[in-house]
Amino acid sequence: MGSQQTDGGVDRDKKVRAIVLHPELKKFSSSSRTPEARLEEAYGLALAIDLEIVLHEVVKVSRPKPSTLFGSGIIDKFHEYIHDNEIEVVIVDTALTPVQQRNLENGWEAKVIDRTGLILEIFGERARTKEGKLQVDLAQLSYQRSRLVRSWTHLERQRGGAGFMGGPGERQIEIDRRLIDERIVRLKSDLELVKKTRELHRSARRKVPFPIVSLVGYTNAGKSTLFNRLTHSDVFAEDLLFATLDPTMRRVTLPSGREIILSDTVGFISELPTDLIASFRATLEEVREANVLVHVRDVSHEDTDAQKEDVKSVLKDLELDQDIQDSMIEVWNKSDLLSDETKTSLEIQSSNNQTTLLCSAITGEGCDDFLDMVEQLLDAQNLVYEFEVPYSDGAALSWLHDHGNVIEQKHHEDGVWISISISQADADKFTSKFDILPDID
């Protein structure tokens, strides 16, 4: 009867049953988040791969054991629970060593996934483009390479799924380190081609230059929802961690008529695996090319300040120019979820800062003000140019008025001398379009 359960049969549509454990390592943690908040984030990550979470719990660990992380009492306690409740997967919300992961799997007789493995599993399910899949494959293989052991017999229970949820028969179990290394070399070569293609695209954009405005932020901060509202697009945006993996770019017209390219990027997260940062560097180079960075924050989240620090940490890893970081806008998103008192307080705070803005991507509140703020920042980056425009080229004069701020204009016998504040990109575009070079004293 298809997916119906029968005596001795299995419901093929039944979700994988899992538990989520967050080890509370007080002496070893520098995080400003509470263990409960960390657990909730791990719970959200687990839900993102459609597991049935039977239990999620904070586990205090006073003395981490090198071989298992947890003490024997904790292992025995959860072994009984795992057995009684038919748990197939245990998610441990920290980075486990290969030895710890293997020993916990032996002790619990269940698949064990650490925080890195869980994030990689999500990325594996969410990647849609060829580039995204290449980046995820590279990160997964780099992770798997460190976990190759002589025997995988402790995993020899057939399970469905992909990535780290698979059984023996899956790629990572069968191949050895040499084959993984060969695959890594091929993936890096493929990604280098992607990088070159991206550079060609960037070069093309420079020839018809538009300022680039990149949205960055903690995962699930609402970047894609804001992107959709501003660009009238339908990029996948759900209340899920890592809803967006592949970068998306759209043209947006500012109130003055100036056009920009708005870029939506992958969300960041605390303790983002280093393999992922390395693999997604080609994608994140779009952030490095930005004229304006927009940090979208979920100010309704209890850990919004800690999330801000995590985003700043990733941006630091990208070695961004200080000028870009100094011109970053903070969009305080999800104002529709705030209490009246909190909203009023944040409105006062944001009004006293020229680069912060309270908004709601859902209701549209503050979005027009956001576009105005972007325009002001781009104007601040402008340079002053002087051009001599012949009277016969009225289209060129009109173009300058549309794309810059006229400082002074004088009429001569042969044409118009104009002093204008305009971006480097627009000045280059004007010169290319109308073959009129700026005056140089």
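Only one of the numbered conditions (1) under 25 Å from H301 (Cβ atoms); (2) hydrophobic (A, V, I, L, M, F, W, C); (3) surrounded by 18 or more Cβ atoms within 10 Å (Cβ to Cβ) is violated by F70, and that is (1). Criterion first (among the charged types (D, E, K, R) and modelled with pLDDT under 85) does D317 satisfy it? Yes; evaluated as a whole, the condition is true for this residue. Look at (1) free of Cβ contacts under 8 Å to residues at least 24 places away in the same chain; (2) over 22 Å from I261 (Cβ atoms); (3) in the same structural domain as D303 (by TED's automatic domain parsing) and you find that D369 fails only one, number (2).
Here I49 does not qualify as under 30 Å from Q307 (Cα atoms), modelled with pLDDT of 90 or more and surrounded by 18 or more Cβ atoms within 10 Å (Cβ to Cβ). The set of residues from region 382-441 being assigned to a helix (DSSP H, G or I) and among the polar types (S, T, N, Q) comprises S398, Q424, T431, S432. The residue list L357, L378, L346 contains one member that is touching a residue at least 12 places away in the same chain (Cβ under 8 Å), assigned to a helix (DSSP H, G or I) and crowded, with 20+ Cβ neighbours inside 10 Å, which is L378. Checking E365, E341 one by one, the residue that is modelled with pLDDT of 90 or more and assigned to a loop (DSSP other than H, G, I, E, B) is E365 and no other. Beta carbons closer than 8 Å, at least 6 apart along the sequence or on distinct chains, pair a first residue in region 68-96 that is free of Cβ contacts under 8 Å to residues at least 24 places away in the same chain with a second that is of a type outside the set (A, V, I, L, M, F, W, C) for G71/R63; G71/K65.
Out of D181, D234, one residue alone is surrounded by fewer than 14 Cβ atoms within 10 Å (Cβ to Cβ), touching a helix residue (DSSP H, G or I) at 6+ places or on another chain (Cβ under 8 Å), modelled with pLDDT of 60 or more and in a loop (DSSP other than H, G, I, E, B). It is D234.
The values are calculated or read from the model by the stated rules, or taken from the named source; none is laboratory data. In this text, all values refer to a predicted model and were calculated from it rather than measured experimentally. Quick reminder, even Gly has a Cβ in these numbers, built from the backbone with ideal geometry, and neighbours come from all protein chains shown.
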